[in-house]
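Throughout, read-outs are computed from the coordinates displayed, never taken from laboratory work. Model, not experiment: these values are computed from the prediction. Counting neighbours? That spans all protein chains shown, and the Cβs are built from the backbone with ideal geometry, glycine included.
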Amino acid sequence: MTTSAVAPTARKRYKTDDGFFLPEPSRLEKAVGPESARVIRGLLTNPLSVTGLVVVIFFFIVAAAAPVLAPPFQATADPYQIPRDGFGPTPQEPGSVWKRDVPPVPFWYEGVTGKQEWVHLFGTTSGQFDIYYGIVWGTRTALLVGILVVFAGLFIGLIVGSISGYYGGATDDILMRITEVFMAFPFLLAALTLSAILVPLFGRGIWPSVIALVSFGWMGYARVIRGDILATKERDYVLSARTIGAKDGKILLRHVLPNAIFTTMVLASLDVGAIVLTFAALSFLGVGTDIGYADWGQVISFARSYILSLDTYWYIIVFPGIALVLFGLGWNLIGDGLRDVLDPRMKK
Amino acid sequence: MTAYILRRLVQLPLTVFGVTILIFLMLQILSPAERAALYIKDIPKNEAQIDRVIKRYGLDKPMYVQYVNWLIGAVDQDTGDRVGGVLRADLGYSRTGREPVIDLLLRRLPATAELAIWSFIPILGIGIWLGIIAAINHNKLIDQIARVFSIVGYSFPTFVFGLLVLMLFYAKTGWFPPGRLSDWAVQIVSAPGFTQYTNLNTFDALLNGRFDVFLDALRHMFLPIITLSYLSWALLLRVTRSSMLETLGQDYIRTARAKGVAEKDVVNQHARPNALIPVATISGLTVVGLLNGVVITETVFNYPGLGSAVAAAAVSLDVLTVLGFVLFNATLLILANLIVDVMYAFLDPRVRLR
């Protein structure tokens with residue numbers, strides 16, 4: 001990482017109280033602090049992570065613009081139900097004209113394509129669910145599920161990890177053994193089992209999978225936070241706080257956590273990609289969302305009926321597949337760049 | 001060292017114990033009637049039958065009684081016999097498999113074991129090789145390609161990759177069919193003259209001297225093997241690469257170069273053995289990857305192993321079958337981690353285990 005690209009000679013220096021000359025902090029450093037500034041600069045100078053950022057931002061835009069990109073059939077209908085063009089069993093090719101229950105044609109459509117009638121841009125699945133609609137609105141499902149699962153998992157991990165790391169001893173031992181028990185399950189299988197158990201309770205939808213993914217997704221965060229807290233609690237300022245008689249809870253919340261949490265938060269937020277891929281796998285296997293819900297894995301699962309003729313019905317797998325891979329790729333590219341920046345061995 | 005292994009061996013049943021509690025707690029989410037339905041072979045026809053099962057298995061008793069019953073079996077009030085009990089290898093009845101769960105698992109195990117054995121060769125061989133190549137050519141074109149390859153691999157969901165290769169290599173070209181054997185090969189295998197020593201088709205075929213059956217079995221496994229490997233390569237490549245890079249930066253490597261050791265020997269004799277130590281740990285994770293992977297891979301390729309049975313069970317909410325598989329896997333996983341840890345200690349004398 002070329003942090004030296006910021007030429008120190010070009011910057012003004014100022015004199016500190018104890019007589020040192022230090023470079024004037026840049027505007028970015030003033031705004032977010034030197035360490036975060038280094039991370040942001042590192043991300044923005046790496047072509048791979050910039051590509052990742054562009055891809056992720058693209059998905060956020062698609063999600064925000066979903067009603068304009070793919071208008072629902074009726075304004076009153078649940079927008080996450082993919083509109084159907086009849087009920088025929090045979091999938092239709094991309095570009096075939098929409099015949100029954102045609103949704104309103106978006107305003108940009110005629111300008112871009114020169115046509116007036118609304119078509120199935122990416123074709124339909126069997127049962128005539130529109131693939132294009134499923135992908136556009138599936139972006140919202142993906143982002144919602146990803147962010148929800150990561151933050152809920154982070155929250156649990158934060159509680160377990162900070163108690164474990166801060167108090168140590170027997171508390172630490174017990175909590176870490178429990179964590180190991182959760183880790184003894186292969187992630188996908190555990191999520192699969194719990195979703196299967198929760199489906200009768202909640203009905204099909206995103207909730208069984210979301211709860212299952214959170215229940216088996218917090219352990220990594222707990223361990224990382226525990227490690228960071230173990231390091232932070234030995235710092236002098238924690239000792240000072242203790243000498244002036246601060247209570248445990250206050251030391252943990254005000255002094256230790258804020259200084260230990262940054263790395264974990266950043267790394268956790270990048271798990272959104274991986275979480276969404278697993279969520280899609282659950283839907284693909286059949287314990288996720290219901291048929292016709294705007295969710296990428298759900299759309300792809302239609303391909304299972306056409307294993308022998310996938311060359312004819314390629315669009316069922318290719319379009320939602322591209323969406324999933326791009327989504328995962330975007331987050332992983334940022335994550336890869338970030339790991340480089342945060343890696344202490346890479347620091348100069 | 002011995003003390004460490006002993007301590008881990010004591011910990012092992014503790015973790016398995018924790019796993020059983022967790023599984024049991026998950027089951028508690030279901031109501032007694034729903035759990036009663038899990039024990040009945042047919043779909044329950046009337047309320048009375050469900051009540052009888054609830055009574056028979058004590059599903060309305062306090063939780064710790066239920067746990068003991070679930071673990072070592074409950075005493076049947078009418079006959080005085082012990083029925084059920086996970087520890088007595090009674091994992092319940094599989095609704096989707098229409099046979100006891102333990103029978104289903106044992107019957108499906110050989111197919112999955114065969115797939116896993118054949119997958120390990122390309123996973124370890126190619127993954128490690130790519131990582132070393134990337135590290136030696138640090139920051140050159142090969143390294144960049146390997147890096148992108150690895151990130152793309154991370155981002156490819158198993159089922160999308162599997163369906164894509166099926167589309168290209170089966171639907172379009174017909175080269176590699178799904179399933180486990182072709183019809184003609186099934187006839188040979190099930191014929192009286194063919195002895196099934198191991199139930200692993202490839203090995204049985206070789207032992208019986210039927211090379212055509214061997215090739216047919218491999219042909220069916222080719223796409224699943226590629227799918228399983230591709231996902232693990234991404235991880236192995238990355239770990240091997242960074243470990244190798246770190247080793248190549250060590251002082252003893254500089255010393256070796258300074259005293260004129262050929263670059264080939266520096267890499268092969270001095271760096272590689274040390275760099276591969278962390279990789280050994282990751283091969284434990286590869287087992288995890290395989291266990292996760294077979295569920296989806298076998299479903300996509302219609303391969304009759306454990307994974308596809310579990311996926312089918314999960315879809316029809318046949319919880320007992322899924323739990324049986326999870327219990328089996330968790331035990332396997334804990335064992336694999338133990339073996340890896342011990343191996344690590346043997347490989348690296350610097351790890352004087354605490």
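What Kirkwood hydrodynamic radius, in Å, does the range B:245-289 give when the mean of 1/r is taken over all pairs of distinct Cα atoms and then inverted? Kindly include the intermediate steps, with their values, before the conclusion.
On the way: mean 1/r = 0.0873 Å⁻¹.
For the range B:245-289, the Kirkwood estimate is 11.5 Å.
Where only DSSP H runs of four or more residues are counted, chain B gives -23000 deg cm²/dmol as its mean residue ellipticity at 222 nm, each run worth -39500 (n - 2.57).
Over all projection directions, the Cα-based convex hull of chain B averages an area of 24.3 nm².
Only Cα pairs under 8 Å and 6+ residues apart enter the sum, and on that basis the relative contact order of chain A stands at 23 percent. Residue by residue along A:175-183, Cβ atoms of other protein chains within 10 Å of the local Cβ number 4 on average. Taking the Cα centroid of the range B:102-149 and of the range A:156-227, what is the distance between the two, rounded to the nearest whole Å? The range B:102-149 and the range A:156-227 have Cα centres spaced 28 Å from each other.
May I ask for the percentage of alpha-carbon pairs in the range B:242-354 that lie more than 22 Å from each other?
Details: 3390 of 6328 pairs.
Taking all Cα-Cα pairs of the range B:242-354, the fraction more than 22 Å apart is 54 percent.
In this structure, residue B:138 and residue A:172 have a Cβ-Cβ separation that, at R0 = 35 Å, corresponds to a calculated FRET efficiency of about 0.35. The mean sequence separation of alpha-carbon pairs under 8 Å and at least six residues apart, normalised by the residue count of chain B, gives a relative contact order of 22 percent.
For A:207, B:233, B:175, what ranking results if the residue with the fewest other Cβ atoms within 10 Å of its Cβ goes first?
On the way: A:207 17, B:233 24, B:175 11.
The most exposed by this proxy come first: B:175, A:207, B:233.
Projecting label points 7 angstrom from Cα along Cα→Cβ for residue B:269 and residue A:151 puts them 5.9 nm apart.
Footprinting exposure proxy ranking of A:219, B:63, A:265, A:176, fewest other C-beta atoms within 10 angstrom first, gives B:63, A:265, A:176, A:219. Among A:105, B:86, sorting on how many other beta-carbon atoms sit within 10 Å of each Cβ, with the fewest leading, yields A:105, B:86. Computed over the range A:254-299, the P(r) curve from all C-alpha pair distances, binned at 5 Å from the origin, holds 5, 22, 17, 12, 10, 10, 9, 9, 6, 2 percent per bin. Computed 3J(HN,Hα) for the range A:258-273, one whole-Hz value per residue from the Karplus formula 6.51 cos²θ - 1.76 cosθ + 1.60 where θ = phi - 60°, is x, 8, 9, 8, 3, 4, 4, 4, 5, 5, 5, 4, 7, 6, 3, x, glycine and proline marked x. Sort chain A into rounded, prolate or oblate with this rule: let a ≥ b ≥ c be the square roots of the eigenvalues of the Cα gyration tensor; rounded if a/c is under 1.5, and if a/c is not under 1.5, prolate when a/b is larger than b/c, oblate otherwise. Verdict is oblate for chain A. The mean number of Cβ atoms from other chains found within 10 Å of a Cβ in peptide B:310-322 is 5, as a whole number.
Taking only alpha carbon atoms, the range A:37-148 gives an Rg to Rh ratio of 1.09, where Rh is the Kirkwood radius.
Share of Cα-Cα pairs in the range A:116-239 beyond 26 Å, in percent? Result: 43 percent of Cα pairs exceed 26 Å. For residue B:93, the residues whose amide H sits under 5 Å from its own are B:101, ignoring neighbours fewer than 5 places away on the same chain, with H placed 1.01 Å from N. Spacing of the modelled spin labels on residue A:290 and residue A:309, each 7 Å from Cα toward Cβ, amounts to 2.8 nm.
Think of it as helices only: each DSSP H run of n ≥ 4 in chain A is worth -39500 (n - 2.57), and spread over all residues that comes to -18500 deg cm²/dmol at 222 nm.
Using the Cβ-Cβ distance between residue B:281 and residue B:121 with R0 set to 22 Å, the FRET efficiency works out to roughly 0.65. Its Kirkwood hydrodynamic radius, worked out from the mean inverse distance over all distinct Cα pairs, puts the protein assembly as shown at 28.4 Å. The eigenvalues of the Cα gyration tensor, multiplied by 5 and square-rooted, give the range B:162-261 an equivalent ellipsoid with semi-axes of 43, 20, 10 Å from largest to smallest. Binning the C-alpha pair distances of the range B:106-214 at 5 Å intervals from 0 yields a P(r) profile of 2, 10, 13, 16, 16, 14, 11, 8, 6, 3, 1, 0 %, listed from the shortest bin outward. For the range A:190-348, the Cα gyration tensor yields ellipsoid semi-axes of 42, 21, 9 Å (square root of five times each eigenvalue, largest first, whole Å). Couplings for the range A:170-175, taken from phi via the Karplus curve 6.51 cos²θ - 1.76 cosθ + 1.60 with θ = phi - 60°, read 5, 4, 4, 4, 5, 4 Hz in order; Gly and Pro are left as x.
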